[in-house]
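**Student:** Mind having a look at this structure? Questions to follow.
Each reported figure results from applying straightforward, stated rules to the coordinates on display, with no laboratory input. These figures come from a predicted structure and were not determined experimentally. Reconstructed Cβ throughout: ideal geometry from the backbone, glycine too, with neighbour counts over all protein chains shown.
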Amino acid sequence: MSVIKVVKDKCIGCTVCVKSCPYGAITMDDKLAVIELSQCTLCGACVKVCPVEAIELKVERKAIPGMEDYQGVWVYAEQKDGKIQSVVYELLGAGQRLAKAREAELSAVLMGKDVEKLASELFMRGADKVYIVEDDTLEHYVDEPYARILTRMVLEYKPEIVLTGATSLGRALIPRTATELGTGLTADCTGLEIDSESGHLLQTRPAFGGNIMATIRCENYRPQMATVRHKVMTEAEVDESCTTGEIVKVAITADDLASRTKVLEVIQEATQAVNIVEADIIVAGGRGLKTPENFNMLHELADVLGAAIGASRAAVDAGWVDYAHQVGQTGKTIKPKVYFAVGISGAIQHLVGMSSADVIIAINKDASAPIFNVANYGLVGDLFEILPLLTKQFRKMLNK
Ligand SMILES: Cc1cc2nc3c(=O)[nH]c(=O)nc-3n(C[C@H](O)[C@H](O)[C@H](O)COP(=O)(O)OP(=O)(O)OC[C@H]3O[C@@H](n4cnc5c(N)ncnc54)[C@H](O)[C@@H]3O)c2cc1C
């Protein structure tokens with residue numbers, strides 16, 4: 001049982017704990033702290049601030065029985081219209097490392113219509129085993145059947161770790177599955193490691209607006225589940241000599257496929273044409289461009305370089321460019337070969353989306369702008385002078 005109590009002999013009546021309690025559960029009675037247990041959530045905030053260690057907290061953590069039976073790393077192999085999504089290769093890259101550290105198997109889960117033919121791509125990227133769930137009704141992603149089937153598979157095969165991309169599909173599928181399983185889930189991870197002592201998965205993600213990196217563990221439940229941001233992990237390398245492996249065909253029933261939702265029609269998203277996540281070169285602009293007309297100057301450079309257009313949130317909020325182009329915490333995470341940051345200051349929320357680009361070239365008139373802390377090449381000056389010169393020079397060099 002969990003217990004919290006004030007040790008009366010130690011309490012000095014300083015009231016620090018009263019101020020620290022987010023739930024108003026501590027009052028003073030005759031210069032002694034008193035905890036109202038019906039309001040206390042055992043968060044431990046008071047324990048940490050007490051200068052004389054007068055508050056004792058014992059939290060009993062009950063691990064699920066049979067936790068040690070859970071073994072192996074699973075990657076959910078998201079596919080769309082018969083094409084494996086590139087985030088899956090990044091998950092397999094991370095999965096290989098984790099499986100090696102746990103001396104366990106790396107498996108992929110493929111669900112959809114006629115998807116078995118895609119299994120060889122997963123073997124080439126390092127999967128030891130591929131679970132196949134095929135049915136015509138699984139052609140398009142629908143929450144209920146997909147989550148129900150995945151939940152059943154986890155209960156049957158007991159993987160220790162389950163990873164999906166932090167894509168729209170992953171963000172819908174995995175929270176449902178984790179809730180059904182009663183286990184923990186860390187969303188939007190940017191780092192995954194195995195704790196060498198405990199063997200737990202250390203799941204790192206930005207928190208508090210990207211100002212800190214939080215590392216989260218799921219110590220008492222299995223599987224450990226995480227969604228992982230696209231373009232943060234390195235893709236598993238292709239081994240063309242390894243196109244086969246163990247295939248497990250998962251049988252499904254009509255009950256598995258039951259759903260209250262029906263896909264009536266699939267409409268191509270207008271924003272799909274703008275896939276900055278896959279672009280090798282991105283020319284991005286920010287508030288420094290000052291007007292929507294000036295923002296168009298970026299297109300000239302982008303056309304010469306065959307680049308995609310990116311933007312800071314300030315530029316998107318000003319209505320100069322569509323949200324699909326936004327880079328950062330509330331936009332896209334990208335990992336191009338080259339990223340031009342033009343008139344972008346480099347706020348932390350922007351940096352978390354682009355700092356893993358291979359080469360960053362920043363143009364800013366303020367030499368102390370934080371973008372220069374991550375830039376490989378910094379051009380300090382007026383973008384309205386520099387940008388046309390750059391475009392002209394690249395055009396000449398590339399014969400365009
Ligand atoms: C919860 C939350 C989420 C957020 N998510 C995102 C996100 O996903 N992406 C994002 O980008 N932001 C995000 N932001 C906003 C972020 O904090 C910044 O406000 C934003 O990134 C600033 O955009 P900016 O760099 O274009 O503008 P500014 O910070 O105003 O910078 C403009 C820069 O242009 C330079 N400049 C001006 N004129 C010239 C010139 N003539 N020549 C050269 N340089 C010039 C200036 O020196 C300045 O550095 C988020 C904020 C919050 C609170």
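**Student:** What strands (runs of 3 or more DSSP E), lying completely within segment 7-111, carry at least 2 residues that are over 29 Å from Asp195 (Cβ atoms)?
**Tutor:** Details: elements: 26-29, 32-35, 55-58, 73-76.
Output list reads 26-29, 32-35.
**Student:** What strands (runs of 3 or more DSSP E) completely inside segment 166-270 contain at least 1 residues that are touching a helix residue (DSSP H, G or I) at 6+ places or on another chain (Cβ under 9 Å), closer than 21 Å to Glu139 by Cα and in contact (Cβ under 8 Å) with a residue 60 or more places away in the chain? Can you show your working first?
**Tutor:** Values: elements: 185-189, 191-194, 201-207, 212-216, 224-228, 246-249.
Hits in segment 166-270: 246-249.
**Student:** Please go through segment 306-322 and pick out each residue that is assigned to a helix (DSSP H, G or I), within 7 Å of the ligand (Cβ to nearest atom) and either closer than 17 Å to Ala279 by Cβ or of a type in the set (A, V, I, L, M) (or both).
**Tutor:** Answer for segment 306-322, where residues must be assigned to a helix (DSSP H, G or I), within 7 Å of the ligand (Cβ to nearest atom) and either closer than 17 Å to Ala279 by Cβ or of a type in the set (A, V, I, L, M) (or both): Ala314, Ala315.
**Student:** Being surrounded by fewer than 23 Cβ atoms within 10 Å (Cβ to Cβ) and of a type outside the set (D, E, K, R) is the filter; apply it to segment 334-345 and report the residue that is nearest to Ala367 (Cα to Cα).
**Tutor:** Among those that are surrounded by fewer than 23 Cβ atoms within 10 Å (Cβ to Cβ) and of a type outside the set (D, E, K, R), it is Ser345.
**Student:** While we're looking at this one, here's another question. Suppose we filter segment 323-338 for residues that are more than 10 Å from the ligand (Cβ to nearest atom) and within 10 Å of Ile276 (Cβ to Cβ); how many remain?
**Tutor:** 4
One line per residue, one yes/no per condition, for (1) out of contact with any strand residue (DSSP E or B) (no Cβ under 7 Å at 6 or more places or on another chain); (2) surrounded by 14 or more Cβ atoms within 10 Å (Cβ to Cβ):
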position	(1), (2)
Ile12	yes, no
Thr15	no, no
Pro22	yes, no
Asp29	yes, no
Ser38	yes, no
Val59	yes, no
Gly66	yes, no
Gly72	no, yes
Val75	no, yes
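**Student:** Return a yes/no flag: does segment 187-199 have any residue that is over 18 Å from Gly331 (Cβ atoms), among the polar types (S, T, N, Q), within 16 Å of the ligand (Cβ to nearest atom) and out of contact with any strand residue (DSSP E or B) (no Cβ under 9 Å at 6 or more places or on another chain). Break it down stepwise before answering.
**Tutor:** Kept after step one, since they are over 18 Å from Gly331 (Cβ atoms), are these residues of segment 187-199: 191-199.
After this cut, where a residue has to be among the polar types (S, T, N, Q) as well, the list is 196, 198.
Okay, now just the ones that are also within 16 Å of the ligand (Cβ to nearest atom), so none.
The answer is no; no qualifying residue exists.
**Student:** If you don't mind, there's one more thing I want to ask. Tell me, which residue of segment 80-132 that is on the phi > 0 side of the Ramachandran plot and in contact with a helix residue (DSSP H, G or I) (Cβ under 6 Å, 6 or more places away or on another chain) is surrounded by the most Cβ atoms within 10 Å (Cβ to Cβ)?
**Tutor:** Filtering segment 80-132 for residues on the phi > 0 side of the Ramachandran plot gives 81-82, 103, 112, 114, 126.
Right, trim to in contact with a helix residue (DSSP H, G or I) (Cβ under 6 Å, 6 or more places away or on another chain) and you get 112, 126.
Working: Gly112: 23, Gly126: 21.
Among those residues, the one meeting the criterion is Gly112.
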